[in-house]
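Everything below concerns the one structure shown next.
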Amino acid sequence: MTSIARSELILGGQRSGKSRRAEILARQWLAQSGEHRAVMIATGQPWDDEMAARIVQHQADRAERVPGMTTVEEPLALSEALAVNSQPHTLVVVDCLTLWLTNLLMPVQTAQDDFLNNFESNQPPALDLTARTAMLLVAIKKTPGPVVFVGNEIGLGVIPMGRDTRAFVDALGRLNQDVAAACQRVTFMAAGLPLVLKGAP
C-alpha cells in the first residue's frame, strides 16, 4: 500500500497510468476512515464532440472505480477551487495540470496567434500565467488536507516543429518544475508502473 503524501505530483505520458494512480490513492484514503472524503477537481473542457464524449466516459469510469469521490469542474480558477474544497479529512485530486495550462494559454475563443504574440514578446496573456502559478504554489502550501496533482510529461520526445507547440512544451515544463518543487512527493508513471522521483514511496 502506498502512503498518502501531503502533496504529490504524478507525471507521465498519455495512457501511462497517471489518473489511475491518483484514483488508487483516493480509494486508499477513503478506506482509511469513514470521516475521509475525496474530491476530484477536473480541468478539462468539452472543446469538441470527441472531448465531450471523453469527459463523459472518464466520469463514468471514475464513478465505478472510486464511487465515494465527488467531482468539481473548474477549468481556470484552480487555486480558488483548492481553497474551497481542501479540508483536513478531504483528499483533493487535480486532473490535470496540462489541461489547466491549455485553458489559460489557449482558451477556445482565442486564436493561437494571440498566444504566440504574447509569448514571443514576453507580454502576459489575458489570464496571467505567472500570477496564476504563484497563486497555485501558495495554495499547495496552505491546503489543510492532502492534494494530488496529475500532469503530462511531454518533453521527452523529439523537438516539435511548430513554434506554438514548442512554446507550450516550454511553458508546461516550467509549470511541472514549479509544482514538483512545491510538492512533498513526485511520481513518474510509465506503462502503469510508478517511479518515485522525490519523497518517500
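The values are calculated or read from the model by the stated rules, or taken from the named source; none is laboratory data. Because the structure is predicted, anything quoted here is derived from the model rather than measured. In this analysis, Cβ positions are derived from the backbone assuming ideal geometry, glycine residues included, and neighbour counts consider all displayed protein chains. With ligands, DNA and RNA removed, areas are computed over all heavy atoms of the protein, side chains included. Shrake-Rupley method; radii C 1.70, N 1.55, O 1.52, S 1.80 Å.
Annotations
- Of the candidates R21, R6, R27, the single residue that is crowded, with 18+ Cβ neighbours inside 10 Å and touching a residue at least 12 places away in the same chain (Cβ under 8 Å) is R21.
- Candidates L136, L127, L116, filtered to the one that is within 18 Å of L172 (Cα to Cα) and modelled with pLDDT of 85 or more: L136
- A search for C-beta distances below 6 Å between a residue of region 45-68 that is free of Cβ contacts under 8 Å to residues at least 40 places away in the same chain and any residue that is open to solvent by less than 90 Å² (accessible area, probe 1.4 Å) and in a loop (DSSP other than H, G, I, E, B), counting only pairs 6+ apart in sequence or on different chains, returns A52/P46; I55/G44; I55/P46.
- Filtering region 56-92 to residues that are closer than 16 Å to V148 by Cβ and charged (D, E, K, R) leaves R62, R65, E74.
- Listed by position, the strands (runs of 3 or more DSSP E) contained in region 132-201 that have at least 3 residues being exposed (fewer than 15 other Cβ atoms within 10 Å of the Cβ) are 193-198.
- Taken across region 34-46, residues that are polar (S, T, N, Q), open to solvent by 20 Å² or more (accessible area, probe 1.4 Å) and in contact with a Leu (Cβ under 9 Å, 6 or more places away or on another chain) do occur, with at least one present.
- Residue match in region 57-76 (condition: under 20 Å from K141 (Cα atoms), buried (at least 21 other Cβ atoms within 10 Å of the Cβ) and modelled with pLDDT of 90 or more): no
- Residue match in region 56-65 (condition: part of a loop (DSSP other than H, G, I, E, B) and small (G, A, S)): no
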